[in-house]
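Bear in mind these aren't lab numbers, they're just calculated from the coordinates by the rules spelled out. Here the structure is a predicted model, which means the values were calculated and not measured. Neighbour counts run over all protein chains shown; Cβ positions are idealised from the backbone, glycine included.
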2 protein chains.
Amino acid sequence: MHSLTVQLGARSYPILIGSGLIDSTELLTQHLPQRDVLLVSNTVVAPLYAARLQQALPNQRIVEAVLPDGERHKTLESAARLFDVLIANRMGRDALVLALGGGVVGDLAGFVAACYQRGVALAQIPTTLLAQVDSSVGGKTAVNHPGGKNLIGAFHQPEVVIADTALLNTLPDRELTAGLAEVIKYGLIRDAGFFDWIEQHIEALRARDPAALAHAIYRSCEIKAEIVARDEREQGERALLNLGHTFGHAIETATGYREWLHGEAVGAGMLIAADLSERLGQLPATAVQRVRSLLRRAGLPIEPPRLGAECVLARMGLDKKVQAGRVRLVLLTALGRACVSADYPDSVLQQTLAAHFG
Amino acid sequence: MHSLTVQLGARSYPILIGSGLIDSTELLTQHLPQRDVLLVSNTVVAPLYAARLQQALPNQRIVEAVLPDGERHKTLESAARLFDVLIANRMGRDALVLALGGGVVGDLAGFVAACYQRGVALAQIPTTLLAQVDSSVGGKTAVNHPGGKNLIGAFHQPEVVIADTALLNTLPDRELTAGLAEVIKYGLIRDAGFFDWIEQHIEALRARDPAALAHAIYRSCEIKAEIVARDEREQGERALLNLGHTFGHAIETATGYREWLHGEAVGAGMLIAADLSERLGQLPATAVQRVRSLLRRAGLPIEPPRLGAECVLARMGLDKKVQAGRVRLVLLTALGRACVSADYPDSVLQQTLAAHFG
């Protein structure tokens with residue numbers, strides 16, 4: 001098992017990475033000492049792993065809440081259902097909300113933990129690659145609104161993140177690939193050497209080579225933990241983690257969270273961000289080519305739906321990255337280096353959007 | 001104008017107390033610099049003050065959201081309505097949520113500000129005595145659930161609290177009286193001299209003598225600010241502010257938030273807490289008499305509804321003060337001194353509840 005720590009003073013917490021962790025009663029009870037547990041999962045993951053997890057936690061009172069699968073269920077209504085379950089089961093302030101699932105389950109369960117009784121303990125057991133490398137770490141929780149993604153949420157750090165790599169064995173290929181988009185993101189924004197490594201190991205990653213996956217997860221979490229430790233509430237640097245997300249959220253929202261997985265939308269969005277960076281003269285064309293090629297080799301769709309540039313612009317206006325009416329975008333200045341900028345000609349943004357969205 | 005500061009490091013903020021503050025464009029724009037404002041109020045307060053406030057903020061884009069009046073509307077559904085308004089009006093992360101109303105409006109608007117885009121700026125303009133001395137200060141925000149009061153919420157400090165004492169002129173007598181319960185609370189938990197002062201000035205307060213009211217508000221806010229500064233997240237001392245609230249919440253919840261005002265329920269709850277403290281042998285009977293007499297002179301109802309001790313006990317089980325299955329109660333050890341205790345015989349609690357609730 002590998003472990004690293006998200007350094008946040010009194011709210012620091014470990015990320016544990018390894019195979020078979022959810023079967024270890026010793027490990028789990030060490031990190032999850034709470035007596036009362038609301039186990040939040042979904043209809044796909046719960047049948048696979050909930051019973052095993054419960055078996056490994058024999059001394060807790062565990063109440064299971066199983067939600068329908070999918071980003072379109074990450075709503076305030078689903079949160080309300082979980083509050084009802086917590087209250088119906090008389091869970092107190094000392095209860096634990098335990099998220100067993102992907103990013104949707106983690107974001108939703110995290111939001112519920114943040115708000116129940118003004119905050120109860122949260123633990124994340126991410127079951128997708130995307131959740132293991134990104135959404136389970138860093139304390140961002142949220143639900144979606146028909147008007148935009150993650151518009152209702154809270155910062156609420158977990159007590160522990162348990163990334164059991166064996167859980168990825170049941171992950172559909174498409175979900176694994178979607179997770180690779182976020183892995184590539186870390187290379188793009190922070191670590192050119194890691195980007196090189198991903199280029200060299202993309203086939204191994206897609207073939208689920210355990211050593212390659214473990215390294216990708218560890219290095220991704222390490223980069224995320226560093227950034228979150230320096231800027232927990234996204235007042236600066238943390239915004240870099242949103243590379244591709246503004247465009248990606250527009251794709252997800254416009255398609256009703258039905259057709260595109262989050263990671264897929266982020267992948268397509270990163271290519272648009274790279275293209276825009278090139279059009280602004282701050283990124284060489286060869287770098288954009290390498291991004292496009294790696295996304296393709298990862299199996300990601302790189303052609304966004306033909307939403308139309310105007311529709312995308314309108315949706316971007318509601319993204320959380322808007323300040324003083326202007327969309328702040330994450331752009332690349334090299335492979336391994338990103339910046340946040342609101343200083344771009346609107347015409348270049350429009351041309352870029354027209355090129356990708358029609 | 002008097003002012004004091006809630007000392008919370010980077011999140012410190014002023015409480016401004018004075019007459020006519022909401023008409024001062026200079027003061028308001030100094031403290032509310034945001035361009036986009038969601039003004040949250042209710043059907044009683046908005047017709048009285050919203051237009052005046054808007055007039056004093058001529059350069060802001062103000063969107064008004066007017067909710068029905070009353071604690072039973074402090075729900076997740078009302079919060080959802082406000083999120084809809086924020087999103088329909090394309091309010092960004094740099095927007096301000098401005099609460100103009102009593103505790104219900106402040107708690108609800110505060111919760112919405114806490115969660116919208118994971119937190120936007122909040123300002124409180126409390127219009128009831130209760131909100132001016134208590135709920136607008138300290139960053140507790142929440143909505144109710146049919147299963148219990150304030151079960152869904154967040155800690156989210158405002159940027160400023162503007163307590164305009166002139167707004168109390170339109171407050172119904174019953175609401176003023178309900179606010180006096182919280183004023184009395186500060187004397188009981190922290191300041192015997194202030195309790196004496198309230199005893200001496202209770203008629204002046206009920207007659208809305210401006211100097212008496214201003215002193216009561218200032219001293220109440222001062223005590224609250226001190227306690228919040230030392231224990232923002234209620235890990236210890238701040239729980240003392242809940243004197244009477246566990247019993248009071250049971251009254252409010254059992255009666256569907258319809259018959260008892262929050263302050264009235266707290267008043268009755270404080271007398272029960274004092275009585276329990278006496279039965280536990282830690283408070284002299286003369287002190288309980290003084291509490292009862294002052295609550296009566298304030299015009300507060302001191303006989304709770306005949307809910308039955310068992311029903312109240314069951315409702316207390318869901319209160320946020322429960323830890324490891326045991327209700328932690330705020331008790332008095334003297335006039336001006338309180339403590340939190342889970343160390344009492346159940347039989348004495350039951351006798352006390354039976355004496356008050358039947």
Legend entry - Top of B:28, B:261, B:241 by mean-square fluctuation, Gaussian network on chain B, Cα under 10 Å: B:28
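With the Cα gyration tensor of the protein assembly as shown in hand, give its eigenvalues times 5 under a square root as the equivalent ellipsoid semi-axes, listed largest first in whole angstrom.
On the way: eigenvalues 477, 188, 72 Å².
That gives 49, 31, 19 Å for the three semi-axes.
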Inset, instruction - List the distances, in nm and shortest first, from the label point of residue A:326 to the matching label points in every other copy, placing each point 7 Å from Cα along the Cα-to-Cβ direction. - result: 5.9
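If you place +1 on the Cβ of every Lys and Arg, -1 on the Cβ of every Asp and Glu, and leave all else neutral, what size is the dipole of chain B about its Cα centre, to the nearest 20 Debye? Spell out each step's value before the answer.
Values: 35 positive and 37 negative charges, 98 e Å.
Its charge dipole is roughly 480 debye.
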Inset, instruction - Between copies, how far apart are the residue A:24 label points? List them in nm, one decimal, shortest first, with each point 7 Å from Cα toward Cβ, please? - result: 6.1
Legend entry - Amide hydrogen neighbours beyond the local backbone of residue A:101, cut-off 5 Å, H modeled: A:125, A:127
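So how do B:203, A:226 line up by other beta-carbon neighbours within 10 Å, fewest first?
Values: B:203 11, A:226 15.
Placing the least packed residue first, the sequence is B:203, A:226.
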Legend entry - Calculated label separations, residue A:314, copies of the chain, 7 Å along the beta-carbon direction, nm: 5.2
Legend entry - Tilt relative to chain B, helix B:245-254 - C-alpha long axis, 0 to 90 degrees, to 10: 80 degrees
Inset, instruction - Between A:307, A:180, A:335, find the one with the highest GNM mean-square fluctuation for chain A; connect C-alpha pairs within less than 10 Å. - result: A:307
Inset, instruction - Working from Cα positions, state the angle (0 to 90°, nearest 10) between the long axis of helix A:45-56 and the longest principal axis of chain A. - result: 40 degrees
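Nearest 5 is fine: what % of DSSP beta bridges in chain B come out antiparallel, could you say?
Among the beta bridges of chain B, antiparallel pairing accounts for roughly 40 percent.
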Legend entry - region B:2-170, dipole about Cα centre (Lys/Arg Cβ +1, Asp/Glu Cβ -1), debye to the nearest 20: 360 debye
Inset, instruction - Distance between Cα centroids, region A:1-56 to region B:80-144: provide it in whole Å. - result: 35 Å
Legend entry - Dipole of region B:201-241, positive end: most advanced residue of B:205, B:215, B:241 [Cβ charges, Cα centre]: B:205
Legend entry - Cα-only radius of gyration and Dmax that characterise region A:26-157, units Å: 13.4, 44
Legend entry - Interchain or long-range residues, amide H under 5 Å from residue A:67's placed H: A:41, A:42, A:43
Inset, instruction - Determine ³J(HN,Hα), in whole Hz, for all residues of region B:59-65 in sequence, where each value follows from phi through the Karplus function 6.51 cos²θ - 1.76 cosθ + 1.60 and θ = phi - 60°; x replaces Gly and Pro. - result: 9, 9, 8, 10, 10, 9, 10
Inset, instruction - Any chance you could give the angle, 0 to 90 degrees and rounded to 10, that helix B:285-298 forms with the longest Cα principal axis of chain B? - result: 40 degrees
Legend entry - Pairs from A:149/B:224; A:149/A:185; A:224/B:149 whose Cα-Cα separation, in the structure shown, is over 31 Å: A:149/B:224; A:224/B:149
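Give the calculated FRET efficiency between residue B:192 and residue A:94 to the nearest 0.05, with a Förster radius of 41 Å applied to their Cβ-Cβ distance. Present the calculation step by step, with values, prior to reporting the outcome.
Details: r = 34 Å, r/R0 = 0.82.
The value I calculate is 0.75.
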Inset, instruction - Would you be so kind as to identify which of A:256, A:123, A:146 lies farthest towards the positive end of the dipole of chain A, taking Lys and Arg as +1 and Asp and Glu as -1 on Cβ and the Cα centre as origin? - result: A:146
Inset, instruction - For region B:151-157, just list the computed ³J(HN,Hα) in residue order, Karplus coefficients 6.51, -1.76 and 1.60, θ = phi - 60°, integers in Hz, with x standing in for Gly and Pro. - result: 7, 10, x, 7, 8, 8, 6
Legend entry - Choice from B:78, B:136, B:347 with maximal GNM fluctuation in chain B (Cα, 10 Å cutoff): B:347
Inset, instruction - Quick one: which residues, 5+ away or cross-chain, put their amide H under 5 Å from the amide H of residue B:283? H built at 1.01 Å from N. - result: B:278
Legend entry - ³J(HN,Hα), Karplus 6.51/-1.76/1.60, whole Hz, each residue of region A:173-180, x for Gly, Pro: 3, 4, 5, 4, 4, 4, x, 4
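For region B:205-294, what is the charge dipole size about the Cα centre, in debye to the nearest 20, if Lys and Arg each add +1 at the Cβ and Asp and Glu each add -1 at the Cβ? Could you put the intermediate results ahead of the total?
Details: 11 positive and 12 negative charges, 44 e Å.
The dipole magnitude comes to about 220 debye.
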Legend entry - Principal axis dimensions, chain A - Cα atoms, whole angstrom, descending: 60, 40, 37
